[in-house]
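The values are calculated or read from the model by the stated rules, or taken from the named source; none is laboratory data. The shown structure was predicted, so the numbers you read here are calculated from the model rather than taken from an experiment. Cβ sites come from the backbone with ideal geometry, for glycine too, and all protein chains shown count toward neighbours. Surface areas here come from the heavy atoms of the whole protein model, side chains and all, with no ligands, DNA or RNA. Shrake-Rupley method; radii C 1.70, N 1.55, O 1.52, S 1.80 Å.
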Amino acid sequence: MPILTKHKLRWILIASAVFVVWVPLFGSAAELSRIRVGYPSPSASFAPLFVAKEAGLFEKYGLSAELLYLQGVLITQVHVAKQVDFTVPGSPLPLQAAVEGADLLLAASSIDKFIYKVIVVPSIMAPADLKGKTIGITRFGSLPDVAIRMLFHKWGFNADKDAKLVQVGRMSDMVIALSGKKIDAGVISDPTSFIAEKLGMKRLLDMADTEFEFANVAVVVSRAYAKAQRDITLRFLKAYADGTRRFLTDKALGIKALKKYAGSDDPDILAKTYDLFAGKYIKKNPTLSLKGVETAMAMIADRNPKAKNRKAEEFVDLSLMDELEKTGFLH
């Protein structure tokens, strides 16, 4: 048997130490449950999700999360096809799909009001001026579409007869269309609305200042997944709730996440967006408001007879957030 020199022995000990240090790390990484999460827009509405990703909160709760940007109705179609495990969209899309028989339910909600701005060309001075005008939305059936229809109803207009709604696509495309006078108004989220205002457009209305209570941003999961993977679902909700707390209390982290996902490098716009969402829009705890879901269901029922006489309770699972609350996680 060869005799080990002090030099060789030292390197063997170093190699052993590295092995001891790194094996648990690789082991813990392998134990993370992989999930895919869809979101529909670079809006600051989804800041809790962005912060959870940037701050490593999914890993904190044993998850490896891949975030997927899925626009408009595509996000629900992908979820129904089981290509993602969770989605965080506006509530109308999954509710519409659920009314048609999709196995989707709402588990949480970060915002219980509309937060879109109606941004208009300078010549429009009042809601009545929108009659006969071309109004940009992202996609038919999307949250901006639902929002402007609710507003028109409130004002006594018919969105299909008294204006022309056109699909523009991304929020950034809305600004381009306004600047090029392709549309007269757009239903735009922040921080994109601030960019439009910097370019000379005008804010006609902040929908958060209306009386509507609405399940704006919902965490959606299928019944089958929530039943089969309840532990993972609860861990996802913990990461999401933790992301909410971090966003509300850590401005630097919040702005960093918004800069990465919301598509703006302007420090002034990012700061204004953070202050607005942290101070006015996003709730401390993302518990569901049944009244907010009822408002969404009423809007769907106006256009889909299958939604009439359906109850909000049919399309939610309150037990998940209730469990987190009972354990003291939500505080």
Residue among Lys311, Lys291 that is in contact (Cβ under 8 Å) with a residue 60 or more places away in the chain and exposed (fewer than 14 other Cβ atoms within 10 Å of the Cβ): Lys291
Cβ-Cβ under 7 Å pairs, at least 6 apart or on other chains, the range 50-67 side polar (S, T, N, Q), far side open to solvent by 40 Å² or more (accessible area, probe 1.4 Å): Ser64/Leu32; Ser64/Arg34
In the range 247-262, the residues that are surrounded by 15 or more Cβ atoms within 10 Å (Cβ to Cβ), of a type outside the set (A, V, I, L, M) and closer than 13 Å to Phe46 by Cα: Phe247, Gly254, Lys259, Tyr261
In the range 159-178, residue nearest to Ala271 (Cα to Cα) [restricted to those that are touching a helix residue (DSSP H, G or I) at 6+ places or on another chain (Cβ under 8 Å) and at pLDDT 90 or above]: Val175
Any hit, the range 92-106, residues being within 22 Å of Thr273 (Cβ to Cβ), open to solvent by less than 40 Å² (accessible area, probe 1.4 Å) and either part of a helix (DSSP H, G or I) or in contact with a Pro (Cβ under 8 Å, 6 or more places away or on another chain) (or both): no
Residue check, Pro89 free of Cβ contacts under 8 Å to residues at least 60 places away in the same chain, crowded, with 23+ Cβ neighbours inside 10 Å and in contact with a Ser or Thr (Cβ under 8 Å, 6 or more places away or on another chain): no
Residue list for the range 176-217, filter: of a type in the set (Asp, Glu) and surrounded by 20 or more Cβ atoms within 10 Å (Cβ to Cβ): Asp184, Asp190
Residue count for the range 54-73, restricted to those that are more than 13 Å from Val37 (Cα to Cα), modelled with pLDDT of 95 or more and hydrophobic (A, V, I, L, M, F, W, C): 2
Some residue of the range 224-240 being modelled with pLDDT of 95 or more, open to solvent by less than 70 Å² (accessible area, probe 1.4 Å), farther than 27 Å from Ile148 by Cα and part of a loop (DSSP other than H, G, I, E, B): no
Members of the range 264-309 found to be more than 19 Å from Ala47 (Cα to Cα), out of contact with any strand residue (DSSP E or B) (no Cβ under 8 Å at 6 or more places or on another chain) and of a type in the set (Gly, Ala, Ser), listed by number: Ala296, Ala298, Ala301, Ala307
Given (1) of a type in the set (Phe, Trp, Tyr); (2) modelled with pLDDT of 90 or more; (3) open to solvent by less than 10 Å² (accessible area, probe 1.4 Å), index of the condition Phe114 fails: (2)
Residues located in the range 160-174, provided they are open to solvent by 10 Å² or more (accessible area, probe 1.4 Å) and either closer than 19 Å to Phe114 by Cα or not in a loop (DSSP other than H, G, I, E, B) (or both): Lys164, Leu165, Val166, Gln167, Arg170, Met171, Ser172, Asp173
Helices (runs of 4 or more DSSP H) within the range 250-321 that include 1 or more residues hydrophobic (A, V, I, L, M, F, W, C) and at pLDDT below 90: 267-276, 290-301
Filtered residue count, the range 175-185, keeping only those that are more than 25 Å from the chain's Cα centre (by Cα) and either farther than 22 Å from Ser43 by Cα or not in a loop (DSSP other than H, G, I, E, B) (or both): 4
Residue count for the range 107-151, restricted to those that are under 26 Å from Arg310 (Cβ atoms), assigned to a strand (DSSP E or B) and among the β-branched types (Val, Ile, Thr): 2
